[in-house]
1. So the check is Cβ under 6 Å with 6+ separation or different chains; which pairs have a first residue in the range 43-54 that's among the acidic types (Asp, Glu) and a second one that's open to solvent by less than 50 Å² (accessible area, probe 1.4 Å) and modelled with pLDDT of 95 or more?
2. Filter the range 171-194 for residues that are assigned to a loop (DSSP other than H, G, I, E, B) and touching a residue at least 24 places away in the same chain (Cβ under 8 Å) and give the result.
3. Could you list all residues from the range 85-114 that are farther than 22 Å from residue 192 by Cβ and buried (at least 18 other Cβ atoms within 10 Å of the Cβ)?
4. Return the only residue of 110, 86, 43 being in contact with a helix residue (DSSP H, G or I) (Cβ under 8 Å, 6 or more places away or on another chain) and away from the ligand (no atom under 13 Å from the Cβ).
5. Just give me the residues in the range 103-149 being in a helix (DSSP H, G or I) and either more than 19 Å from residue 222 (Cβ to Cβ) or assigned by TED's automatic domain parsing to the domain that holds residue 17 (or both), in sequence order.
Amino acid sequence: MEVILAKSRGFCFGVQRAVETVYKQIDKGGKIYTYGAIVNNEEVVEDLIKKGVTVIDGPEELKNVLDGTVIIRAHGVAESVYKQMEEQGLSTVDATCPFVKRIHKIVQSESGKGKQIVVIGNPAHPEVIGIAGWCKSPAIIIESEEEAEKWERNSEEEICIVSQTTFNYKKFQDIVEIIRKKGYNVSVANTICNATEERQREAKEIASTVDVMIVIGGRHSSNTRKLYEICSKECANTYFIQTLDDLHLELPKSVRLVGITAGASTPNNIIEEVQNYVRINF
Ligand code: F3S
């Protein structure tokens, strides 16, 4: 059995930075909160909770925090959350990924010029909620080609399109094309993170050559789900697992090549475990 391990796998730069920020803060001591789970990975979050970190789930819970340090995760938050923290006198450590910060700046400035912001992404995703929270007027959030087809605009205002960093590049292009064809005045900032693009491209390439493909990542991680979606199209035997415990593989003898990739919130030790297991057991 041969295993092909994707080169771009596991923690991306932004998530690595955010997780390290929390561990450094733990070393400094004091009460620590993260605004939302620091990564979409239960194992990592549980370890942090064991070390005394509390996860705050939204502005309502934030109201009850009276002291300590709140760490803003890589996905970023809306401007209103910074204001709320300031008003409550909390000390904050901002671990927003610089690539996400860049989107905040774009939408803040472009909506300030009167443009309608369109965010291509999942409206329920914290990153998208955060991006929308930097717009001077309400943003339109579009997740699918169907939604883009249905969307009608009466005003002449210019439209500025940005994307959730982990959105599928091909789908983003298709949605932009649908909006462009409507004849609107559109400017586009491709804000899909290279880490995501590269990871998706490589996963697709590997999945198209292997007999079995394993995608490792958190259940709630949208970029892992997208990796799974991409790989499933290339390889019928694609498995989505969170940890080694979820891997129940009964591989037929004909299987020679197994590919492994992992979403941006998957720590290296989990990837190593899965890789070793597959190498040894099959
Ligand atoms: Fe940042 Fe890209 Fe990761 S935007 S959080 S480096 S996927």
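1. If the second residue must be open to solvent by less than 50 Å² (accessible area, probe 1.4 Å) and modelled with pLDDT of 95 or more, no pairs are left.
2. Going through the range 171-194, the residues assigned to a loop (DSSP other than H, G, I, E, B) turn out to be 182-185, 189-193.
Once the filter is applied, which keeps residues that are assigned to a loop (DSSP other than H, G, I, E, B) and touching a residue at least 24 places away in the same chain (Cβ under 8 Å), the range 171-194 yields 182, 184, 185, 189, 190, 191, 192, 193.
3. The answer is 85, and nothing else.
4. Working: 110 fails: in contact with a helix residue (DSSP H, G or I) (Cβ under 8 Å, 6 or more places away or on another chain); 86 fails: in contact with a helix residue (DSSP H, G or I) (Cβ under 8 Å, 6 or more places away or on another chain).
One residue alone meets the criteria, 43.
5. From the range 103-149, those in a helix (DSSP H, G or I) are 103-112, 126-132, 145-149; that's our starting set.
Residues satisfying the conditions are 105, 106, 107, 108, 109, 110, 111, 112, 149.
The values are calculated or read from the model by the stated rules, or taken from the named source; none is laboratory data. If you're wondering where the values come from, they're calculated on a predicted model, not measured in any experiment. In this analysis, Cβ positions are derived from the backbone assuming ideal geometry, glycine residues included, and neighbour counts consider all displayed protein chains. Just the protein is used for accessible areas: all its heavy atoms, side chains included, with ligands, DNA and RNA removed. Shrake-Rupley method; radii C 1.70, N 1.55, O 1.52, S 1.80 Å.
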